Amino acid sequence: MSGRTVVLAGATGLVGQHLLQGLLADPGVAQVISLGRRPATLSHPRLQALVVDFAALPALPPSDEVYLALGTTIKVAGSQAAFRAVDFDANLAVARAALAAGARRAGLVSAMGADARSAVFYSRVKGELEDTLAALPFDGLLIARPSMLEGDRAALGQPERPGERWASALGRWLGPLVPANYRPIPAAAVAAALRAGVPTVQGRQVLLSGALRRPR
């Protein structure tokens, strides 16, 4: 089978859905291995959807690259520990399993302000994940740090995030007065930047919202 085999975790999320659609439409991708806690609702000849327990992942099929788009909020998760189990532990487990299966490059959906030294728990966990992934022996790691995301969470059966809705309205009102890295960004643009950059990324590269918006 010619073409790349990719692993995707978080295909039901705001960015993950666009990653899945774009990867399946990419003629250079031979197979997408999607990992989720529930059976997939999408059927596609190049999609292998696996139902997994992220706390006890099985060995994964051979792959070339991995996209990490698992994420939640402390409010939805119910506690800081439950949030960390998804945003840090599950993403890291997938990265390690994909690496063991041969993946050489990884793409991560992180967040603006991610910093392992941050006093804010959310930002600290995001930063700790970035640093831990960077220490793994991937040839390349592309990190997307978007500002507030724009997209239809209700259509995905997810609770709306008031902060995203407020930031989107403010961004439309203020327009170019808001610096590019702080303007709300469509989830589709984040996914497109990752799909374009991951296959060739070398070393650790971080893209903020301003760079994520640029056509690729």
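The values are calculated or read from the model by the stated rules, or taken from the named source; none is laboratory data. These numbers were taken from a predicted model, which means no experiment stands behind them. All Cβ positions, glycine included, derive from the backbone under ideal geometry; neighbour counts span all protein chains shown. These accessible areas exclude ligands, DNA and RNA; they are computed on the full protein's heavy atoms, side chains included. Shrake-Rupley method; radii C 1.70, N 1.55, O 1.52, S 1.80 Å.
A few notes on this one:
- Scope region 32-49; condition open to solvent by 10 Å² or more (accessible area, probe 1.4 Å), of a type in the set (A, V, I, L, M, F, W, C), within 25 Å of Ala82 (Cα to Cα) and modelled with pLDDT of 95 or more; matching residues: Ala49
- Ser43 vs. criteria of a type outside the set (Phe, Trp, Tyr) and under 21 Å from Ala191 (Cα atoms): yes
- For region 12-29, a tally of residues being in contact with a helix residue (DSSP H, G or I) (Cβ under 7 Å, 6 or more places away or on another chain), modelled with pLDDT of 95 or more and aliphatic (A, V, I, L, M) returns 4.
- Here is the figure for region 96-123: residues that are within 21 Å of Gly13 (Cβ to Cβ), part of a helix (DSSP H, G or I) and open to solvent by 30 Å² or more (accessible area, probe 1.4 Å) total 3.
- Yes/no for Val86 being out of contact with any Pro (no Cβ under 6 Å at 6 or more places or on another chain), β-branched (Val, Ile, Thr) and modelled with pLDDT of 95 or more: yes
- Any hit, region 148-164, residues being buried (at least 19 other Cβ atoms within 10 Å of the Cβ) and either modelled with pLDDT of 95 or more or part of a loop (DSSP other than H, G, I, E, B) (or both): yes
- Of residues in region 165-216 being among the charged types (D, E, K, R) and modelled with pLDDT under 70, the one surrounded by the most Cβ atoms within 10 Å (Cβ to Cβ): Arg165
- Residue satisfying all of: in region 21-38; in contact with a Gly (Cβ under 9 Å, 6 or more places away or on another chain) and among the aliphatic types (A, V, I, L, M); nearest to Asp53 (Cα to Cα) among these: Leu35
- Among the conditions (1) open to solvent by 10 Å² or more (accessible area, probe 1.4 Å); (2) over 17 Å from the mean Cα position of the chain (by Cα); (3) over 18 Å from Leu141 (Cβ atoms), Val29 misses just one, which is (1).
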